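**Student:** Okay, here's the structure, questions in a sec.
The values are calculated or read from the model by the stated rules, or taken from the named source; none is laboratory data. What you see is a predicted model, and the numbers here were worked out from it, not measured in a lab. Cβ coordinates were reconstructed from backbone atoms using ideal geometry, including for glycine residues, and neighbour counts include every protein chain displayed.
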Amino acid sequence: MRSSIVEVGGWPMTPQDQVPPQDNYEAFLERLNDATTRLTTRLRSVDKALTAVSSLVEKYQSASLKWEQRRARVSEELDHHAGGPETYAVLGELHDTAVKMVTLHHAQTLRIKEQVHFLQGQCNAIRQSLVELRASSAALNASRRLSKDRHNLNRALYELAGARGAAESTPDPGLLNDLRQAREAVVLAEALMEVKGPR
């Protein structure tokens, strides 16, 4: 009775090599894809908010500059005032108002800049996470392909060795050697990926 284990080029081959490997990658890839989709949607939302808030910075800075210019003009008029006390009092009120508005716009500009900084940090964090997700997805897909390639090579070697009733035919030694080397390359590549891990 012939054993069901066939050895080709030092590699043991069994009928199990005919069974496709269980695909354990699908759930992990789906989870990575879901996370990528959610973060991509979130990034678009944060980008829109960042654009809107950034435009407010320019508006408040422009308004603050206009009030500062108005304060400077009123201050100059006060310095050269030669009219009555009522006019001087009105100019003084205008000057005080301009000072308050400059202060108000400056404080608001600082708050908006803080918000811009916060949103920019969110964008950077999301982009970094997306890079990591895509790298992990690429590594899993590569490992998945290597697993399938290894199975296909195992099956080809098994069949060429005559383990499925083809013992009467003589396999091509050159082809067997090429397949064996290909299988070694796949196994080594997969091992290297396991050692390195996702980058």
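**Student:** Out of the residues in region 127-183 that are hydroxyl-bearing (Ser, Thr, Tyr) and farther than 30 Å from Val46 by Cβ, state the one that is modelled with the highest pLDDT.
**Tutor:** Checking each candidate, the answer is Ser143.
**Student:** Out of Val46, Val57, Val53, Val90, which single residue is modelled with pLDDT under 90 and of a type in the set (A, V, I, L, M, F, W, C)?
**Tutor:** Val90
**Student:** So, one more: Kindly list, by first and then second residue, each pair from a residue in region 128-139 that is within 18 Å of Glu26 (Cα to Cα) to a residue that is assigned to a helix (DSSP H, G or I), limited to pairs with Cβ atoms under 6 Å and residues at least 6 apart or on different chains.
**Tutor:** From region 128-139, the pairs are Leu133/Leu32; Leu133/Ala35; Leu133/Thr36; Ser136/Leu32; Ser137/Leu32.
**Student:** Then there is this: Which one is farthest from the chain's Cα centre (by Cα) among residues in region 22-80 that are in contact (Cβ under 8 Å) with a residue 40 or more places away in the chain and in a loop (DSSP other than H, G, I, E, B)?
**Tutor:** Asp23
**Student:** Sticking with this structure for a sec: From the list Leu50, Leu43, Leu78, exactly one residue is exposed (fewer than 15 other Cβ atoms within 10 Å of the Cβ) and either under 17 Å from Cys123 (Cβ atoms) or of a type in the set (A, V, I, L, M) (or both). Which is it?
**Tutor:** The conditions single out Leu78.
**Student:** Can you work out which of the residues in region 57-75 that are among the small types (Gly, Ala, Ser) and under 15 Å from Lys113 (Cβ atoms) is surrounded by the most Cβ atoms within 10 Å (Cβ to Cβ)?
**Tutor:** Ser64
**Student:** While we're on this one: Could we say that Asp149 is part of a helix (DSSP H, G or I), among the acidic types (Asp, Glu) and within 30 Å of Phe28 (Cβ to Cβ) here?
**Tutor:** yes
**Student:** Residues being over 24 Å from Leu56 (Cα atoms) and in contact with an Asp or Glu (Cβ under 6 Å, 6 or more places away or on another chain): count how many of those fall in region 66-107.
**Tutor:** The number of residues fulfilling the criteria is 1.
**Student:** Going through region 104-122 one residue at a time, which ones are within 27 Å of the chain's Cα centre (by Cα) and without any contact (Cβ under 8 Å) to a residue 40 or more places away in the chain?
**Tutor:** Glu114, His117, Phe118, Gly121
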